[in-house]
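The values are calculated or read from the model by the stated rules, or taken from the named source; none is laboratory data. As the structure is a prediction and not an experimental result, all values here were calculated from the model. Cβ atoms come from the backbone with ideal geometry, glycine included; neighbour counts cover every protein chain shown. What goes into the accessible areas is simple: the full protein's heavy atoms, side chains included, and nothing from ligands, DNA or RNA. Shrake-Rupley method; radii C 1.70, N 1.55, O 1.52, S 1.80 Å.
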Amino acid sequence: ASRVMVASRNYADFANEATFEIKKCDLHRLEEGPSTTAVMTREEGLHYYKTMQTIRRMELKSDQLYKQKIIRGFCHLYDGQEACCVGLEVAIKPTDHVITAYRAHGFTYARGVPVREILAELTGRKGGCVKGKGGSMHMYTKNFYGGNGIVGAQVPLGAGIALACKYFGKNEVCLTLYGDGAANQGQIFETYNMAALWKLPCIFICENNRYGMGTSVERAAASTDYYKRGDFIPGLRVDGMDVLCVREAAKFAAEYCRAGKGPILMELQTYRYHGHSMSDPGISYRTREEIQEVRSKSDPITLLKDRMVNNNLASIEELKEIDVAVRKEIEEAAQFATTDPEPPLEELGNHIYFNEPPFEVRGPNQWIRYKSVS
């Protein structure tokens, strides 16, 4: 009881909010950009810290489960890029829409799916967010459309979602994400054209983590100014390792779209600590020293932690308590993900369509039939 009293007295001494200078965005076809100052409340800072730390620990646990051969198949981890999904999510509304590529675990969590459902999906269990049928690359929840396995193919889908927002007269936007590896594809430029012609409320977001699989951006692209690639579409280049930079840029972009001005493009300069996927050690095309330098100078969680402690928004001890609670949550989620049963074979044909009457689906051979339920 005395410890609780001391803690509550200490917490009352913290500042309620602080103002921070953030890196100026590079602009394309814009006279003004996002603010170079950002106000963060103590409550916001604690939320950002816990969310980013949860994603980091979840991905490290996924790495461990994969190496134990409990997670199988494709698995693309997001550690290092946490400021991107967290900064974007806190800048938009739950009714707005998000679609991304297959490095999707962080976005799935940020959009509200519990860790246990994400890990259970990775292990192919019944309690997974897609009932164990989607795995790492195909996770969905309300207003979140995956996790798409075909490189770049989610970009035209995102424009379609933005078209629906406009068609139904909803003041909503769609965040359409892709990586630097997909940025040279023709379908992306076709989508830019349609979105600009129809003034769609679409925020195109290139998560530039510097390597498309094992190829550096310098070797893959004649122009690495991805924020200018929309040509006739305005663009922003943002420090994707700073959650406040991402938040302010995303707020700016969302307001731009909601004002009926059409699409806008964001390039988030970020970095992944793991290889492209679990089959990639990640050190054949870049050095361990490079990875360590990014970790030591630009880690998004460390940057936020230092800001909060140095501006009296939190104490080291308080943040350590959050770390302990997060580790406990991840361990409990992993326990669930390794003991929950796999979905029964009879459910193989389920969830093909949404809100349709049941119908028969042929199984592995013509004599086996499954009933498909929405």
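What the table below lists for this structure:
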| item | result |
| --- | --- |
| Contact order relative to length of region 40-123, as percent, for alpha carbon pairs under 8 angstrom and 6 or more apart | 35 |
| Karplus-derived 3J(HN,Hα), 6.51/-1.76/1.60, for each residue of region 177-183, Hz, glycine and proline x | 9, 7, x, 5, x, 8, 5 |
| The chain - share of DSSP beta bridges that are antiparallel (%, nearest 5) | 40 |
| Carbon + sulfur, % of accessible area of the chain - ligands and nucleic acids excluded, 1.4 Å | 52 |
| Computed label-point distance, nm, for sites residue 362 and residue 258 using a 7 Å Cα→Cβ extension | 5.0 |
| Mean residue ellipticity (222 nm) of the chain, computed from DSSP H runs ≥ 4 via -39,500 (n - 2.57), nearest 500 | -13000 deg cm²/dmol |
| Test item: Cα-centred dipole of region 112-254, Lys/Arg +1 and Asp/Glu -1 on Cβ, debye | 540 |
| When each of 126/371; 24/170; 93/166; 50/170 is checked by Cα-Cα distance, pairs over 20 Å | 24/170; 50/170 |
| Residue-normalised accessible area of the chain, given per residue in Å² at a 1.4 Å probe | 48 |
| Interchain or long-range residues, amide H under 5 Å from residue 134's placed H | none |
| Förster-model FRET efficiency, 51 Å R0, residue 371 and residue 199, C-beta, rounded to 0.05 | 0.70 |
| Centre separation in Å (Cα based) which lies between region 312-374 and region 132-160 | 16 |
| Answer label for log10 I(q)/I(0) by the Debye sum over Cα atoms at q = 0.07, 0.15 Å⁻¹ (calculated), chosen among (1) -0.33, -1.39; (2) -0.39, -1.38; (3) -0.28, -1.47 | (1) |
| Candidate aspartates and glutamates - alpha carbon under 18 Å from residue 199, same-chain residues fewer than 8 apart omitted | 96, 172, 190, 231, 255 |
